[in-house]
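The values are calculated or read from the model by the stated rules, or taken from the named source; none is laboratory data. Nothing here was measured: the structure is a model prediction, and the numbers come from that model. Backbone-built Cβ (ideal geometry, glycine too); neighbour counts: all protein chains shown.
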Amino acid sequence: MRESEVEAAIGMSRKWDAWEAGREVAETAIQQLKEPPSFFLLFSTIHYERYGGFQEFLDGVWDVLPVGTPLIGGTVAGFMNNYGCYSRGASALAVSYPSMDVAIGVGKNTKRNPYRAARQCAAMIQQTLKKSPYQNKFLLNFISGPVMPSIPGVGQKKYIRSGFVSKFATQVLGLSQATVQKGLGREDEIFEETSQQLPDYQMILGTSMDDYKGMRNYQFYNDKILKNAVVNLGLATNLDFNVCTTHGMKETDLRFKITKLGANNHAICKINDKPAVPELLKLLDWPEGFLTEETMLHTILYYPISLKRRGRQVPVVAPLIMKDYIFVPCIIDDGEVSILTVSGKDLINAVKENLDFFKQIQPEFGLCSTCMTILQTLGDKTNMIQEEIHKFFKDKAFLLFYSAGEGTFSSAKDITYANMSFNTAIFGNIKK
Amino acid sequence: MKDDPIAQVLDDLMRLDDILACMVARRNMISVMPSTEAFKPEVNPIWDNIHRAMDDVFGVIGAYSQIGLGEMEFRLQDYEVLFYVFPDTENALVAIVPALANKGLLEVEIENARREILKIMKKQEQEFQESKKDDAVVVNA
């Protein structure tokens, strides 16, 4: 009986005008449901900023969406759903199910004070769901992603060769994080704190982005547009579900020791007691000067590093290099680490491996967060991933969004935070 | 041109910042342009050279599309030219992008455009075949 009560629908718009797209994304989802939605997850690309703005976009959504529907979401680099894969437009997941309690939460100033924002947001979820009779608890932790500060005379660059500028830029990065909230997303810190606040929840982490440029991003909370915020969707339900992370990255025999960290443990300053960048180039057998603004995209992203944080493996890519420092997107610990490698085929196999984890579940709907670097790497071949996921869900709704920092948490498996990873939360019923 | 559904798909592509020009073309012929018929100005100084190189690439596409050539690309100075071939034909959707553009994200939308254009072409072909059948019926009657 339970299965038949679950209604899940994907909304979709490819219109350019913000208000019309908002209206269409809500309308295409709602018209597939017999009952009003229990919640509405909304993701859009950054394009509407210039075609009416995000307030217009949300106004369009609320022109259709029943008043009081819990809504969260934000801007993403792209998305994938039952219809295809897109790096422009808007998509939504609307779910209606009577045996499910829903809460949404918000925390602000994530880049300045991530722990406070995480606690604020988690408390809102806890407060609403603490009396729920349902034991299975889920949380989507959706956080404002990184925003590159523009360094005077340099602009927004991924690679800075000059030692003088790098020293200056490192200081600017720290300062801009605290003052104008431009810098790393600090989603790893927020996720860590949220998992400590809500340990009985299974969680999926995603981050808000623009079109891969890292210049701005927005979060949606009901009818409000926010910046530098964390928004949560909490569910308590009798539906079965699980979360899973896979990444397909393989260890190489290239190992090294991080001997000095900097920038609040976000920068690798020394490897094997030598300046980090020349030593990394030597290990990879790459010539000096090989890394440039242009080659970074095609080289270092294919060689992630398996770092460590509190005993956990954290595979990440280096998004920023300043002279001899390698910046990483999360807080890390020093010690022995190894270089990883990944190919397009490995990425697609990671999706298959992930879905295989759910073979006992008859899916009703699913939510996935994936690294936007995968979208950038695979390009139109991303459709191969869409075909795999579509084969798994068949006519059941799924929505995948592209992030810049993603992961999952469950008390059984602890935190899995990784770049280039594929993260799923699949809801349904365990097959008998 | 404004009512041509294929031109409208190209218009959508042209709205993306890093699509500097796009068209449906074959060797020595541009079949459909965006309805505004305007490329972004940065392409203009190098357009003649790109156009000449495109024609050479179409020679390769013509030779190999029947055996599954799906995509080609070349880089000329600071630009990349991407060819998304329509299966089993000598035609391709062509897009010119800056060499340092976030190509992966653009490729997703170029592929979506190719799929949409293919649908339009199939529909137009179907309508053409049906009208031919109707004409034959009239002649026979």
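Would you point out the residue of the stretch A:87-104, among those that are buried (at least 23 other Cβ atoms within 10 Å of the Cβ) and not in a loop (DSSP other than H, G, I, E, B), that is farthest from the other protein chains (Cβ to nearest Cβ)?
Out of the qualifying residues, it is A:Val95.
What pairs can you find where one residue is in the stretch B:1-26 and more than 11 Å from chain A (Cβ to nearest Cβ), the other is among the polar types (S, T, N, Q) and crowded, with 18+ Cβ neighbours inside 10 Å, and their Cβ atoms are less than 8 Å apart, with a gap of 6+ or different chains?
B:Val24/B:Asn91; B:Ala25/B:Asn91; B:Arg26/B:Asn91
When A:Gln120 is evaluated against the numbered criteria (1) surrounded by fewer than 24 Cβ atoms within 10 Å (Cβ to Cβ); (2) assigned to a strand (DSSP E or B), which criterion, by number, is the only one it fails?
Of everything listed in (1) surrounded by fewer than 24 Cβ atoms within 10 Å (Cβ to Cβ); (2) assigned to a strand (DSSP E or B), A:Gln120 misses just condition (2).
Please verify whether A:Arg116 is at pLDDT below 95 and over 23 Å from A:Tyr402 (Cβ atoms), treating the condition exactly as stated. Break it down stepwise before answering.
Values: at pLDDT below 95: no; over 23 Å from A:Tyr402 (Cβ atoms): yes.
Criteria not met by A:Arg116.
Going through the stretch B:43-69 one residue at a time, which ones are in contact (Cβ under 8 Å) with a residue 40 or more places away in the chain and more than 17 Å from B:Tyr84 (Cβ to Cβ)? Talk me through it step by step, then tell me what you get.
Filtering the stretch B:43-69 down to residues in contact (Cβ under 8 Å) with a residue 40 or more places away in the chain leaves B:43, B:50, B:54.
The one that is in contact (Cβ under 8 Å) with a residue 40 or more places away in the chain and more than 17 Å from B:Tyr84 (Cβ to Cβ): B:Val43.
Of the residues in the stretch B:59-115, how many are under 16 Å from B:Ala25 (Cα atoms) and in a loop (DSSP other than H, G, I, E, B)?
8
Among B:Phe58, B:Phe86, B:Phe39, which is at pLDDT 95 or above, aromatic (Phe, Trp, Tyr) and closer than 29 Å to A:Glu294 by Cα?
Working: B:Phe86 fails: closer than 29 Å to A:Glu294 by Cα; B:Phe39 fails: at pLDDT 95 or above.
Just a single option satisfies the conditions, and that option is B:Phe58.
When A:Trp286 is evaluated against the numbered criteria (1) surrounded by 19 or more Cβ atoms within 10 Å (Cβ to Cβ); (2) not in a strand (DSSP E or B), which criterion, by number, is the only one it fails?
(1)
Just the residues that are in a helix (DSSP H, G or I) and modelled with pLDDT under 95, please, taken from the stretch A:351-375. If you could, list the steps in order and put the result at the bottom.
So in the stretch A:351-375, the residues in a helix (DSSP H, G or I) come out as A:351-356, A:372-375.
Once the filter is applied, which keeps residues that are in a helix (DSSP H, G or I) and modelled with pLDDT under 95, the stretch A:351-375 yields A:Met372, A:Thr373, A:Ile374, A:Leu375.
When only residues in the stretch B:98-127 that are more than 24 Å from A:Met384 (Cα to Cα) and within 12 Å of chain A (Cβ to nearest Cβ) count, which is surrounded by the most Cβ atoms within 10 Å (Cβ to Cβ)? It would help to see each step written out before you state the result.
Let us first name the residues in the stretch B:98-127 that are more than 24 Å from A:Met384 (Cα to Cα), namely B:98-100, B:123-127.
Those still in the list that are within 12 Å of chain A (Cβ to nearest Cβ) too: B:98-100.
Values: B:Pro98: 18, B:Ala99: 12, B:Leu100: 12.
Looking at residues that are more than 24 Å from A:Met384 (Cα to Cα) and within 12 Å of chain A (Cβ to nearest Cβ), I get B:Pro98.
A:Gln360: touching a strand residue (DSSP E or B) at 6+ places or on another chain (Cβ under 8 Å) and surrounded by fewer than 16 Cβ atoms within 10 Å (Cβ to Cβ), yes or no? I'd like the intermediate steps shown before the answer.
Numbers: touching a strand residue (DSSP E or B) at 6+ places or on another chain (Cβ under 8 Å): yes; surrounded by fewer than 16 Cβ atoms within 10 Å (Cβ to Cβ): yes.
Yes; evaluated as a whole, the condition is true for this residue.
Condition first: among the aromatic types (Phe, Trp, Tyr) and under 16 Å from the mean Cα position of the chain (by Cα). Now tell me which residues in the stretch A:180-239 satisfy that.
Initial filter on the stretch A:180-239 (among the aromatic types (Phe, Trp, Tyr)): A:191, A:201, A:212, A:218, A:220-221.
Passing the criteria: A:Phe191, A:Tyr212, A:Tyr218, A:Phe220.
Checking B:Ala92 against (1) small (Gly, Ala, Ser); (2) exposed (fewer than 15 other Cβ atoms within 10 Å of the Cβ); (3) under 30 Å from A:Asp17 (Cα atoms), which test does it fail?
(2)
Looking only at the stretch A:32-73, count every residue that is within 14 Å of another protein chain (Cβ to nearest Cβ), within 23 Å of the chain's Cα centre (by Cα) and either under 26 Å from A:Phe392 (Cα atoms) or not in a helix (DSSP H, G or I) (or both) and tell me the total.
Qualifying residue count for the region: 1.
Filter the stretch A:105-114 for residues that are in a loop (DSSP other than H, G, I, E, B) and out of contact with any Gly (no Cβ under 7 Å at 6 or more places or on another chain) and give the result. Talk me through it step by step, then tell me what you get.
Start the filter on the stretch A:105-114 by keeping residues that are in a loop (DSSP other than H, G, I, E, B), which leaves A:109-113.
Correct list: A:Asn109, A:Thr110, A:Arg112, A:Asn113.
B:Leu105 versus (1) within 21 Å of B:Gln8 (Cβ to Cβ); (2) touching a Leu at 6+ places or on another chain (Cβ under 7 Å): which is the lone unmet condition?
With (1) within 21 Å of B:Gln8 (Cβ to Cβ); (2) touching a Leu at 6+ places or on another chain (Cβ under 7 Å) applied to B:Leu105, the lone miss is (1).
Sort through A:Pro304, A:Pro329, A:Pro319 and tell me the only one that's within 14 Å of another protein chain (Cβ to nearest Cβ) and either touching a strand residue (DSSP E or B) at 6+ places or on another chain (Cβ under 7 Å) or surrounded by 16 or more Cβ atoms within 10 Å (Cβ to Cβ) (or both).
Going through A:Pro304, A:Pro329, A:Pro319 in turn, just one is within 14 Å of another protein chain (Cβ to nearest Cβ) and either touching a strand residue (DSSP E or B) at 6+ places or on another chain (Cβ under 7 Å) or surrounded by 16 or more Cβ atoms within 10 Å (Cβ to Cβ) (or both): A:Pro319.
Restricting attention to the stretch B:34-52, does a residue exist that is within 11 Å of the chain's Cα centre (by Cα) and surrounded by 14 or more Cβ atoms within 10 Å (Cβ to Cβ)?
Within the stretch B:34-52, the first condition is being within 11 Å of the chain's Cα centre (by Cα), and the residues that meet it are B:34.
In the following step, the residues that additionally are surrounded by 14 or more Cβ atoms within 10 Å (Cβ to Cβ) were identified as B:34.
Looking through the stretch B:34-52, at least one residue is within 11 Å of the chain's Cα centre (by Cα) and surrounded by 14 or more Cβ atoms within 10 Å (Cβ to Cβ).
Of these, A:Arg310, A:Arg255, which one is away from every other protein chain (no Cβ under 14 Å), surrounded by fewer than 19 Cβ atoms within 10 Å (Cβ to Cβ), at positive phi and of a type in the set (Lys, Arg)? If you could, list the steps in order and put the result at the bottom.
Values: A:Arg255 fails: at positive phi.
One residue alone meets the criteria, A:Arg310.
Among the residues of the stretch A:223-245, is there at least one that is part of a loop (DSSP other than H, G, I, E, B) and exposed (fewer than 15 other Cβ atoms within 10 Å of the Cβ)?
Start the filter on the stretch A:223-245 by keeping residues that are part of a loop (DSSP other than H, G, I, E, B), which leaves A:223, A:227-228, A:238-239.
Next, from what is left, pick out any that are exposed (fewer than 15 other Cβ atoms within 10 Å of the Cβ): A:223, A:238.
Within the stretch A:223-245, one or more residues are part of a loop (DSSP other than H, G, I, E, B) and exposed (fewer than 15 other Cβ atoms within 10 Å of the Cβ).
For A:Val76, state whether it is crowded, with 24+ Cβ neighbours inside 10 Å and within 20 Å of the chain's Cα centre (by Cα).
Values: crowded, with 24+ Cβ neighbours inside 10 Å: yes; within 20 Å of the chain's Cα centre (by Cα): yes.
Yes.
Need the failing condition index for A:Glu27 against (1) closer than 26 Å to A:Gly405 by Cβ; (2) in a helix (DSSP H, G or I), just the number.
Of everything listed in (1) closer than 26 Å to A:Gly405 by Cβ; (2) in a helix (DSSP H, G or I), A:Glu27 misses just condition (1).
Are there strands (runs of 3 or more DSSP E) fully within the stretch A:383-432 with at least 1 residues that are under 23 Å from A:Tyr97 (Cα atoms) and at pLDDT below 95? List them.
Details: elements: A:397-403, A:406-410, A:414-418, A:422-430.
By residue number, A:422-430.
Of the residues A:Leu58, A:Leu41, A:Leu71, which single one is surrounded by 22 or more Cβ atoms within 10 Å (Cβ to Cβ), touching a Leu at 6+ places or on another chain (Cβ under 7 Å) and over 29 Å from B:Glu107 (Cβ atoms)? Quick ask: steps written out before the conclusion?
Numbers: A:Leu58 fails: touching a Leu at 6+ places or on another chain (Cβ under 7 Å); A:Leu41 fails: over 29 Å from B:Glu107 (Cβ atoms).
Among A:Leu58, A:Leu41, A:Leu71, only A:Leu71 is surrounded by 22 or more Cβ atoms within 10 Å (Cβ to Cβ), touching a Leu at 6+ places or on another chain (Cβ under 7 Å) and over 29 Å from B:Glu107 (Cβ atoms).
Look at A:Phe365 and say whether it is over 29 Å from A:Val328 (Cα atoms), in contact (Cβ under 8 Å) with a residue 60 or more places away in the chain and away from every other protein chain (no Cβ under 14 Å). Before the answer, list the steps.
Numbers: over 29 Å from A:Val328 (Cα atoms): yes; in contact (Cβ under 8 Å) with a residue 60 or more places away in the chain: yes; away from every other protein chain (no Cβ under 14 Å): yes.
Judged against the criteria, A:Phe365 is a match.
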